[in-house]
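A quick write-up on the structure given underneath.
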């Protein structure tokens, strides 16, 4: 006697922004979600990586797509400069056309160029706020306007930082991001969308010097820096049904360095 094969339920769709390099937090989150049963769309912007100290990683998007497919996920990569005012809508249009409606929005994108109070330029300040704050609002807005999932299944998670000294425009714009995302917990409550911010503390993704790594590890009770997987595990939990009651929180997940 044979049994009819049951079709698997459709995988929900997650949109992860800022997946530029395979060693980054965004990539780890995308892979963790795919392994947990999500289809994944992600954005990347190679021009940003190219002007940073770590440089662009050729083939990173294709490598990430292959990794996601290895977990059985449908996946799509969208190259997108989130400083543009029309970019958020374009990203959602593309993802919906390719994968369907988005159930989780995970924002890992950032502009992060070190400069202090006295040497920050107006152009740098404006670009940090365009990418880290305005794009966050526009992405959350598009998500809220388009969300059609079951009440209680929508998720917004964003990564933040409390670093400001010597990194003024980054830290200030991340502070704005915090307020924007946490407001979503109330303003999108009628849709059943939860919204949380995660501060992962210092995570070694290639930006740290040997001295910085040693100093951070020395100040952390666990004696090490965070890894992208540490953050990915928490984000996956927040996006899962198990994380449905965590809402409107700024979660510090930094191994105790802030204690």
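Evaluating residue 34 against the criteria (1) buried (at least 20 other Cβ atoms within 10 Å of the Cβ); (2) on the phi > 0 side of the Ramachandran plot leaves one unmet condition, (2). For region 200-239, residues that are at pLDDT 85 or above and more than 19 Å from residue 16 (Cα to Cα) total 9. One residue alone among 140, 135, 195 is more than 27 Å from residue 52 (Cα to Cα), buried (at least 20 other Cβ atoms within 10 Å of the Cβ) and either within 13 Å of the chain's Cα centre (by Cα) or at pLDDT below 95 (or both), and that residue is 195.
For every residue, the table says whether it meets (1) farther than 15 Å from residue 107 by Cα; (2) in contact with a strand residue (DSSP E or B) (Cβ under 9 Å, 6 or more places away or on another chain); (3) in contact (Cβ under 8 Å) with a residue 12 or more places away in the chain.
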position	(1), (2), (3)
9	yes, no, no
16	no, yes, yes
29	no, yes, yes
37	yes, no, yes
43	no, yes, yes
48	yes, no, yes
51	yes, no, no
69	yes, yes, no
75	yes, yes, yes
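Filtered by the rule that a residue be closer than 19 Å to residue 25 by Cα and buried (at least 17 other Cβ atoms within 10 Å of the Cβ), region 143-165 gives 155, 156, 157, 158, 159, 160, 161.
Being touching a residue at least 60 places away in the same chain (Cβ under 8 Å) and over 19 Å from residue 107 (Cα atoms) is the filter here; which residues of region 194-240 pass it? Answer for region 194-240, where residues must be touching a residue at least 60 places away in the same chain (Cβ under 8 Å) and over 19 Å from residue 107 (Cα atoms): 206, 207.
The values are calculated or read from the model by the stated rules, or taken from the named source; none is laboratory data. Quick caveat, the model's predicted, so the values are computed rather than measured. Here the Cβ is made from the backbone with ideal geometry for all residues, glycine too, and neighbour counts use every protein chain on show.
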